[in-house]
Amino acid sequence: MNHDLGSIAAALVAKGKGILAADETVPTLTKRFDALGIQSTEQSRCAYREMLFTSVGAAEFISGVIMYDETMRQKSSSGVSFAHLLSDQGMLPGIKVDTGAKPLAGSSGEKVTEGLDGLRDRLSEYRDMGARFAKWRAVIRITNTLPSAACVSANAHALARYAALCQEQHLVPIVEPEVLMDGSHTIVRCEDVTGMVLHAVFRALVEQRVVLEHMLLKPNMVIAGDECSRPVKVQEVAVATLRCLRRHVPAAVPGIVFLSGGQDDLVATAHLNAINRMPRPKPWKISFSYGRALQDPALKAWHGRDENLKLGQQALYHRARCNGAASLGLYTDEMEAVSAGG
């Protein structure tokens with residue numbers, strides 16, 4: 001496999017493929033398990049990840065997988081490290097490297113993502129373990145008065161420093177500035193804030209000498225807040241999202257892989273499809289880097305039981321196939337009518 005950063009970035013957004021985000025922290029995955037009555041242990045989390053990673057046929061639509069530190073250090077039931085297990089199936093191993101969003105000093109209700117201390121050495125270790133790309137997530141909250149300039153600036157700077165360190169250590173950085181969908185804000189407000197955040201992030205990336213051709217952007221879609229009183233149509237999301245991206249994302253960036261951000265799995269697929277169907281020119285590949293929107297049906301089908309392994313894998317394959325089609329603008333409602341098993 002060619003380890004040139006440009007070719008890795010291109011492989012991650014290969015035609016009809018996207019990224020599986022399986023990088024939930026232990027507390028986050030434990031919450032998901034608890035909701036279904038699954039006991040969260042290192043062993044059960046390992047079994048769940050192995051179920052996802054060995055889904056027959058999924059590599060046809062999944063180019064890479066983002067893992068968490070615990071998963072990166074685990075092995076499959078056959079004794080193979082997950083990084084090598086993925087590589088053997090043609091999926092690139094990736095790693096989440098931030099240490100989480102913490103309260104931003106002097107700015108009530110806002111957060112800044114930490115993890116720059118010691119990052120160079122951690123990146124070097126992950127690369128030796130087989131990682132080929134990395135991810136860092138910033139979270140930006142919207143209210144009538146937020147985000148503050150301080151919050152946007154602090155997070156943009158951290159994302160840029162992380163990205164520069166990744167490229168120095170021969171890893172492709174996925175830059176994830178997530179404008180949260182929590183709140184009652186309108187789609188217009190989301191577009192304004194998303195544009196402002198993207199502008200700040202790319203200015204910081206250029207200042208830190210990040211090679212734009214050797215990175216991917218993982219943004220939110222431009223959508224109304226989950227408590228907004230006015231429902232927004234799929235087409236409105238597509239128009240606003242593409243307009244915002246065209247204004248603020250340089251054409252040099254090879255790919256944009258959307259986060260699902262808490263969207264229902266079917267809605268996330270429909271939005272991605274509508275964006276890719278837009279007739280306007282798109283200088284970047286547009287695909288997905290979904291967590292819950294890919295995993296939720298598989299987790300529910302598996303339910304922590306060995307006898308449900310195939311059902312869980314079929315559910316993941318089905319959602320990956322639908323999102324792969326959506327990344328080409330070829331998704332149809334009829335694809336959902338075919339059951340996950342059929």
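Each value in this text was obtained by applying a stated rule to the coordinates, not by laboratory testing. In this text the structure is predicted, and so the values were computed from the model without any measurement. Positions of Cβ are generated from backbone atoms using ideal geometry, with glycine treated the same way; all protein chains shown enter the neighbour counts.
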Candidate aspartates and glutamates for bridging to residue 300, where Cα separation is under 20 Å - those fewer than 8 sequence places away on the same chain excluded | 23, 24, 34, 42, 50, 264, 265, 336
Which value in nm describes the separation of the simple spin-label points at residue 145 and residue 305, placed 7 Å from the Cα toward the beta carbon?
-> 5.2 nm
Which residue, 87, 78, 184, tops the fluctuation ranking in a GNM of the chain built on C-alpha contacts under 10 Å?
-> 78
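Measure up 17/233; 135/285; 102/233; 17/282; 102/218; 102/135 against 22 Å on the Cα-Cα distance and list the ones that go over. Numbers along the way, then the final one.
Values: 17/233 25 Å; 135/285 18 Å; 102/233 34 Å; 17/282 17 Å; 102/218 20 Å; 102/135 17 Å.
Exceeds cut-off: 17/233; 102/233.
Using every Cα-Cα pair within the stretch 118-168, state what percent have a distance larger than 15 Å. Intermediate results must be reported in sequence, preceding the final value.
On the way: 682 of 1275 pairs.
Roughly 53 percent, rounded to a whole number.
Grab the DSSP H runs of the chain that are 4 residues or longer, score each as -39,500 (n - 2.57), total them, divide by all residues and round the 222 nm result to the nearest 500 deg cm²/dmol. Present the calculation step by step, with values, prior to reporting the outcome.
On the way: 13 runs with 154 residues, N = 342.
Mean residue ellipticity at 222 nm (helix-derived): -14000 deg cm²/dmol.
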Which of 38, 275, 174 moves most in a GNM of the chain, Cα contacts under 10 Å?
-> 38
Using a simple spin-label model with points 7 Å from Cα along the Cα→Cβ vector, what separation in nm is obtained for residue 192 and residue 117?
-> 3.8 nm
Ranked by GNM mean-square fluctuation in the chain (Cα springs under 10 Å), the top entry among 327, 55, 107 is 107
Column: log10 I(q)/I(0), Debye, Cα scatterers of the chain, q = 0.07, 0.09, 0.10, 0.12 Å⁻¹ | -0.26, -0.44, -0.55, -0.82
